[in-house]
Amino acid sequence: MENKYQVIIGMEVHVELKTNSKMFCGCKNDPFHAGKPNIYTCPVCLGFPGALPVANKKAIEWTVKLGLALGCKINKFSKFDRKHYFYPDLPKGYQISQYDLPFCYDGKVETSFGPVGITRVHLEEDTGKLIHQKIAGRDVSLIDFNRSSVPLVEIVSEPEIYSSAQTKEYAKKLRQIVRYLDISDCDMEKGGMRLEANISLKKSEILNPKSETNSKFKLSKELPNYKVELKNINSFRFLERGIEYEIKRQKEILESGKTPIQETRGYNAEKNITYTQRTKESAADYRYFPDPDLPPIRIDDQWMDEIKKDFPESLDGLFARWQTKYNIKPELAELLFETNQEGQWLNKLFKKTYEQKLPIDKMVNLLIHKKIKTVLFKDSPNKAIEEYKKTTVIDDITDEQLKVFIDKVLSTNQKAVTDYKSGKTAVMNFLVGMVMREAKKKIEFKRLEKLIVKEISK
Amino acid sequence: MTKISTDTVKVISKLAKLKLTEEQINKFALDLSSIVGQMEEIKNLDVKNIAETARVIDEENILREDIITPSFNQEQALKNSKSIHNGYFLVPQILKDD
Amino acid sequence: MLIDKSIKELSSLLKKKEISSIDLVRESYSQIEKLDNKLHSFITIRDKKETLKEAEVKDKERKDESSIIYGLPFSIKDAYCTKNFRTTAGNKILDDFYPPYSATVYKKIINSGSILIGKNNMDAWGHGGSTENTDYQPAHNPWDLTRIPGGSSGGPAIAISTRMVPFSIGEDTGGSIRNPSSMCNISGLKVTYGRVSRLGNIAYASSLDSVGPMAKSVEDLSFLLEIISGKDNYDSTSSRKQVENYNQILGEPIKGKIIGLPKEFFRKGLDLKAKGTILKATKIFEKLGAKIIEVNLPHFIYGVSIYYLIVLSETSSNLGRYDSFRYGGERELFSDETKKRIILGTYALSAGYSDKLYKKAQKLRTVLIEEYENALKKCNVLLAPVNPSLPSKIGELINDPLKNILEDLYTGTISLVGAPSLSIPAGFAEGLPVGMQIIGKKFGEAELFQFGYLYQQETDWHKRLPPILGK
Ligand SMILES: [Mg+2]
Ligand SMILES: [Zn+2]
């Protein structure tokens, strides 16, 4: 057996929702553009004595929406719990989160390697932001609470991911779904989307050595007796690399007969290594209990209908429709867009393209190769179609107008004309190109060739 | 009767972020043992199939609309802190990168 | 002495311009100056010049339609945030805390035109029933300076019983209004959980904390409750139930109504003299036409354990925010009593113990609620003692941790079910006040007032003044 260790990965992804206001207070939810520290703060998000939280309805609805998009079941009766630990960026000494009754549970994300189960999707509040600095020779941390109590959704997957590539695909797909729902910008650089991978290795039998999906291994639900938590990753590429590094590192430890330590590790992009952040010698004891300050939440049928009302078509549904109607392959469709607006725009564009009987495969090709840039034509699919026509087909130039350019090219390239006449027809490519350069337009080859031949033989 | 040992007091005080002196640890272990001893009177009560009560209000779904309300200005936010720097709260560094 | 008069009388005299707010404020300070160095009712007192100026404005701007408490001096337990005015919750961590916002209850009273005189002493964070556990000076009972005034709202009770202020706002988690009201011979109301907004109340145990009025009589309380009650959009646990005109119901007969005496509250452990005093009160209610029956609350004998497991768990959580970074001092400044309570609460919530302690207590809380509801199907209100014993000598409870918590047996259990309870003077034993509590259905405050008011029409216990005031 060439590869006796199989990696098992479970993902925890945190996403900041882009509501107007914060999760439990009316402060503005815009930590990345605040300009100054600690200005979007109040007694609630600073954890002042006597302050009380009031939950943001929209954040709850968006969490449920995400759950639905991930095929989750929804807990009709839910509540918020306090999760206790001490850290300077956590102003109350506890984070308001959800423990045993998350809003959503038991969903699924499809990847090309196989499905990944979603254990739960719950809603919580973000912490403040710490900046580590040296001031007057002293190591200090500066705290900004603009981010404190921003709504944060946590999506926990089953340990059902079996490669770094699948992890990357899972995370990308998740981001696409969240952005398509238009509930978060998922800015990974700034921490609007944060990835954590729980990684461990297990000896596994290889069933199909040539398989590129999860059918390669004989899968079992049994988990190893340790796991390493990889944290603080701000790009998909680093996620993939970090996991690759971990696989190598853990394999070496296992092969030497030892068990990797259960710990939290970070990824250093410069050195492309992972490093110990915190060993969990004493397991955290979060002392969860229901937050007495927040009444429970019951999602009845009427509220559920309201949530579903402005629910967009599912991504997989959209891709399936594009495939049947426009013959666009889902693998290609996935590459085309990130955000909800882009998705909607593309939908309109394809509809128009289809109505005007223009070839959609060419359109997709141009989009994928960024010849037509989605960002440039956000407001108007019509403009994009014009651009498409310019780059591909016959122009609005008349034969008379073209004749002027052809005459000019032929008179300045006498040698090519002679060559053509003597049978070297390959020179036609050159002539057509020259005319197009003169005309500053892309013109259908056949049409130009015909016109040029007509002029030469005059 | 369960005794609260000094070791338990040490572990729990760490969880609760309280620094205790040796003297306090000994005294607390003693006092807390007698109180926990009293509380253990509930040990043998049968609570099978009984739901937990976390709150005594019947209301549900008390939520707010997603509307921005005025915040503090920076000065108000910081004014009760003894340690600030350029608009930030300043604390001694505890753990890096965590 | 003006402040001895009822709120209704004071308001009427003020509106008739027979007295002024300035007179009242002056009298308030003169009582404080005379007595507070012995009693320690206040932690922080406002500048007299400032309050007199405020009184002058009130006198000028008073209208016929002004609130009944317009221009009256008042005090508030130091557990409430008062914007830009020192708020300590009785402890040194918040020794120099000047809240950037105000508690809803405080705002409501200020908006009705009352004048804050100062912030009252309390057991730090509400942790205690004696006002000895304050990080400031331990308070003394005006009826016997060697004894505790009760707690944790000891400061407000002292201030009212010695007529430093006509009314005050206390906070009751497991007896903190009822207990000192009983020990200082005043009237106090623990409201139904959710009746009054908790916003700005420095939390002890969030699922029990309740904000309530303390005053000289049930009539006074009825006016105050109407002013401070109601839904607060910034407290998710405040009730949307309509606020009643509590004063209107006073005087309506209780003939034919039924009072239940919970057997478990009159067993051994209850001071015999206190027991006798309360049983005497039942005779008055019978005279008023009420019927007395016995009811059972079988699990209430475990009430103290259930109560402590829950409140200490919650307080360990609520006090997590005091890390000294955004406000206040270091956690080392917690008193030993508070540290013990935090550790016990943390222990009850921690892995391995939570099922046996915290969660079990929560299940038993359900049992208590059922028993209470069943009892109140058989009667209109329950009548019970407030304290198992007469006010202790100062120092006695602090040195006996077990006795200290057993003091909450009759009050803490009622808090667990969220019920309202009115504590009023019921007589004296060995020269010390003995109170009783009338416990009602949830949001049944009006009915409690009805019982309490008629009782106070028949008795004059509540009018008696502590010897320290002289003749
Ligand atoms: Mg989380
Ligand atoms: Zn805020």
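A few points about this structure:
- Packing-based ranking of C:137-149, B:35-47, A:342-354, C:309-321 yields C:309-321, C:137-149, A:342-354, B:35-47, ordered from highest to lowest mean Cβ neighbour count within 10 Å.
- The C-alpha atoms of the range A:399-456 occupy a region whose extents along the principal axes are 28, 20, 18 Å, arranged from largest to smallest.
- Relative contact order %, chain C, counting alpha carbon pairs below 8 Å whose residues are six or more apart: 17
- Shielding by partners - mean other protein chain Cβ count within 10 Å, residues of A:126-135: 3
- Measuring how big the range C:334-392 is from its alpha-carbon positions, Rg and Dmax come out at 16.8, 45 Å.
- 0 to 90° range, to nearest 10: angle between helix B:6-15 axis and chain B longest Cα axis: 20
- Across every direction, the projection of the convex hull enclosing the Cα atoms of chain C has a mean area of 20.3 nm².
- Rg/Rh for the range A:1-110, where both radii come from Cα atoms and Rh is the Kirkwood radius: 1.07
- Diffusion coefficient (Stokes-Einstein, Kirkwood radius over C-alpha pairs, 25 °C, 0.890 mPa s) for chain B: 125 µm²/s, rounded to a whole number.
- Shown for the protein assembly as shown: cysteine residues without a partner Cβ closer than 4.7 Å, namely A:CYS25, A:CYS27, A:CYS42, A:CYS45, A:CYS186, C:CYS81, C:CYS184, C:CYS379.
- Radius of gyration and Dmax over the Cα atoms of the protein assembly as shown, both given in Å: 36.4, 137
- Once backbone amide H atoms are built at 1.01 Å from N, A:ILE161 has A:ILE9 as its partners under 5 Å, excluding neighbours fewer than 5 places away on the same chain.
- Kirkwood Rh (inverse of mean 1/r, distinct Cα pairs), the range A:312-391, angstrom: 12.5
- Peptide packing for A:321-331, A:257-267 was compared via the average number of neighbouring C-beta atoms within 10 Å per residue; ordered from the highest value, the list is A:257-267, A:321-331.
- Accessible surface ranking for B:THR2, C:THR44, 1.4 angstrom probe, highest first: B:THR2, C:THR44.
- Protein-protein interface of the range A:291-337, residues with accessible area decrease of at least 10 Å², isolated chain reference, 1.4 Å probe: A:PRO292, A:ASP293, A:LEU294, A:PRO295, A:PRO296, A:ILE297, A:ARG298, A:TRP303
- Across A:LYS18/A:LYS108; A:LYS92/C:LYS216; C:LYS58/C:LYS216; A:LYS65/A:LYS168; C:LYS190/C:LYS275, pairs whose alpha-carbon gap is larger than 26 Å: A:LYS92/C:LYS216
- With R₀ set to 30 Å, the beta-carbon distance separating A:THR412 from A:LYS389 gives a calculated FRET efficiency near 0.50.
- Cross-link pairs B:LYS79/C:LYS83; A:LYS28/A:LYS76; C:LYS5/C:LYS241 - those with Cα-Cα distance over 22 Å: A:LYS28/A:LYS76; C:LYS5/C:LYS241
- With contacts taken as Cα pairs under 8 Å and at least 6 residues apart, the range A:312-391 reaches a relative contact order of 27 percent.
- Counting only DSSP H runs of at least 4 residues, each contributing -39500 (n - 2.57), and dividing by the residue count of chain C, the helix-based mean residue ellipticity at 222 nm comes to -11500 deg cm²/dmol.
- Per-q log10 I(q)/I(0), chain A, q = 0.09 Å⁻¹ (Debye; single scatterer per alpha-carbon; no solvent): -0.75
- Among the trypsin sites (Lys or Arg not before Pro) in the range A:106-209, those placed in a DSSP loop whose Cβ has at most 16 other Cβ atoms within 10 Å are A:LYS190.
- Neighbouring Cβ atoms from other chains, within 10 Å of the Cβ of residues in C:327-339, number 3 on average.
- Over chain A, Cα pairs under 8 Å with separation of 6+ residues give a relative contact order of 15 percent.
- Hydrodynamic radius (Kirkwood) for the range C:1-135, which is based on Cα pairs only, to one decimal in Å: 15.6
The values are calculated or read from the model by the stated rules, or taken from the named source; none is laboratory data. All values derive from a computational prediction rather than experimental measurement. Methodologically, a virtual Cβ is constructed for each residue, glycine included, from the backbone with ideal geometry; neighbour enumeration extends over all protein chains shown. Remember, those area values only see protein heavy atoms, side chains included, never the ligands or the DNA or RNA. Shrake-Rupley method; radii C 1.70, N 1.55, O 1.52, S 1.80 Å.
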